[in-house]
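> Could you have a look at this structure, given as structure tokens, before my questions?
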Amino acid sequence: MVLGAAAGVIVGAQFGARWAEPSWEPLVLSVRLLGVVFLSMLKALVVPLIVTSVVLSVARMGDLRRLGHLAGLTATFFVGTTVLSVSTGLVLVNWIRPGVGSAQTAAASAGSFGGERSPAQAVYDVVTGMFPNNLVGAAVDGNILGLIVFSLAAGAMLTALGARSRIVIDMLDVANDVLLRLVTLVVWLAPLGIFGLVADRLGRAGGGASVWSEVAGLGWYAGTVLLGLGIHAFVSLPLVLLLVARRNPLRYLAGMGDALITAFGTASSAATLGVTLECVTKRNGVSERAAEFVVPLGTTVNMDGTALYEAVAVLFIAQTMGIELPVSRQLVVLVTATLAAIGAAAIPEAGLVTMVLVLTAVGLPAEGVGLILSIDWILDRFRTAVNVWGDSVGAAVVDRRMASG
């Protein structure tokens, strides 16, 4: 996978300037095909994996009181690490101040951005999305949160049926094993798929020179985001893993390698779900009971990297506009970025839409998003990898706490 990603970077950077030439179309479509087919196979497994894994995880609880304990541990971890990541981003953006003295202005860079919603409307949309009136429609629309809520309820009802539910649980267990074997099969194709996704994205951006000019123009902003993501991924989460889960962070990180590279290549934590589950359970030895509850839920509501990015981006936009946000407003950013991350779909660049909520909450124009659009697709890959890493750490922490009572 590492070689596939590296080859994609090289090909996309070197030949991106010719990516749109008609004579290159057969080659470009061949490279694009590798990535599209790989991503489609991963996405096809998301809905059945979520339903079977969550229902099984709850059904194996037996006593519904244990489900409450599991949910409480999971929610505590998700909220705690998300607040920690946002706080890290706020400290860094106030220290580095990447937007001060920027040559860019909101008027020059911002364009129209469809996706503005009020915070109240956003909360309403999240809550109503938890209760879809059509499960098939929810699956088609990618309403993962709605499917998870249904699966939690279905699993709880299975425990209430006692011995009568055994046949259904056994069927779901077999189906889950089949899906995980399919994930293993898809992972064998991952090097080619990652190559196609990375090469095509860099090629469509115009190659190495064009991408570098975009990054250089927003260098301090990109550096602040990446530094924050690095601190959270390599300092904060490993400390939690070491002190709470009692696991070796380096060994655990090595076991998550396939999932993290897939997350980087696809920029979608949902598409990476199957690989994440396999790495957490098969390579790192986390119990299926904990992993199958925490990881699918985390894919939807635990977005450490997205929350940190949104906090940094909002303050960067304010700085470029010459607006100083007081501590009281930065606390609003902390709260709304945490809540907005919960509502962010587990798909590429969904954080852009939810970031509008944070901008609106502190009185900044939604058009400010236009300042960072040019490099968002690059940063999206890094924050998605951090999101997946956070989910995997959460599974280990919850597994440890459940084992210790």
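> If a residue must be over 15 Å from Val54 (Cβ atoms) and of a type in the set (A, V, I, L, M), how many such residues does segment 136-167 contain?
Summing the residues that are over 15 Å from Val54 (Cβ atoms) and of a type in the set (A, V, I, L, M) in segment 136-167 gives 6.
> Report yes if some residue within segment 369-387 is under 20 Å from Thr76 (Cα atoms), modelled with pLDDT of 85 or more and of a type in the set (A, V, I, L, M, F, W, C); otherwise report no.
yes
> Confirm whether Thr159 is among the hydroxyl-bearing types (Ser, Thr, Tyr), assigned to a helix (DSSP H, G or I) and closer than 17 Å to Val301 by Cβ.
no
> So, of the residues in segment 262-275 that are touching a Pro at 6+ places or on another chain (Cβ under 9 Å) and assigned to a helix (DSSP H, G or I), which turns out to be surrounded by the most Cβ atoms within 10 Å (Cβ to Cβ)?
Going through the qualifying residues, I end up with Leu273.
Listed here are the residues, each with its yes/no results for (1) at pLDDT 95 or above; (2) among the acidic types (Asp, Glu); (3) within 19 Å of Ala75 (Cβ to Cβ).
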{"residue": "Tyr252", "(1), (2), (3)": "yes, no, no"}
{"residue": "Met256", "(1), (2), (3)": "yes, no, no"}
{"residue": "Phe264", "(1), (2), (3)": "no, no, no"}
{"residue": "Leu273", "(1), (2), (3)": "no, no, no"}
{"residue": "Leu277", "(1), (2), (3)": "no, no, no"}
{"residue": "Arg283", "(1), (2), (3)": "no, no, no"}
{"residue": "Glu288", "(1), (2), (3)": "no, yes, no"}
{"residue": "Asn302", "(1), (2), (3)": "no, no, yes"}
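> Being assigned to a helix (DSSP H, G or I) and either surrounded by fewer than 24 Cβ atoms within 10 Å (Cβ to Cβ) or small (Gly, Ala, Ser) (or both) is the filter here; which residues of segment 280-294 pass it?
Thr281, Lys282, Arg283, Glu288, Arg289, Ala290, Ala291
> Within the set of pairs 6+ apart or on separate chains, which have a first residue in segment 317-343 that is within 18 Å of Val301 (Cα to Cα), a second that is at pLDDT 85 or above and assigned to a loop (DSSP other than H, G, I, E, B), and C-beta atoms under 7 Å apart?
These pairs meet every condition: Ala341/Met303.
> So, in segment 338-353, how many residues would count as being modelled with pLDDT of 70 or more and either farther than 20 Å from Val46 by Cβ or surrounded by fewer than 24 Cβ atoms within 10 Å (Cβ to Cβ) (or both)?
Looking only at that region, the number is 3.
> Okay, next question. What about Ile194, is it surrounded by 19 or more Cβ atoms within 10 Å (Cβ to Cβ) and either touching a helix residue (DSSP H, G or I) at 6+ places or on another chain (Cβ under 9 Å) or more than 30 Å from Trp24 (Cβ to Cβ) (or both)?
yes
> Something else about it: Restricting to segment 211-249, name every residue that is assigned to a helix (DSSP H, G or I), among the aliphatic types (A, V, I, L, M) and either surrounded by 15 or more Cβ atoms within 10 Å (Cβ to Cβ) or touching a residue at least 12 places away in the same chain (Cβ under 8 Å) (or both).
Val211, Val215, Ala222, Val225, Leu226, Leu227, Leu229, Ile231, Ala233, Leu237, Val240, Leu241
> Testing Gly68 on (1) without any contact (Cβ under 8 Å) to a residue 24 or more places away in the chain; (2) within 18 Å of the chain's Cα centre (by Cα), one condition comes back false. Which one is that?
(2)
> Of all residues being within 18 Å of the chain's Cα centre (by Cα) and not charged (D, E, K, R) in segment 135-160, which is modelled with the lowest pLDDT? Just the residue, please.
Looking at the filtered set, the residue picked out is Gly142.
> Taking segment 116-129 as the region of interest, how many residues are at pLDDT 75 or above and either surrounded by 16 or more Cβ atoms within 10 Å (Cβ to Cβ) or among the basic types (Lys, Arg) (or both)?
Residues in segment 116-129 being at pLDDT 75 or above and either surrounded by 16 or more Cβ atoms within 10 Å (Cβ to Cβ) or among the basic types (Lys, Arg) (or both): 1 in total.
The values are calculated or read from the model by the stated rules, or taken from the named source; none is laboratory data. Computed from a predicted model, the values in this text were never measured in an experiment. Glycine also receives a Cβ, built like all others from the backbone with ideal geometry; neighbour counts cover every protein chain displayed.
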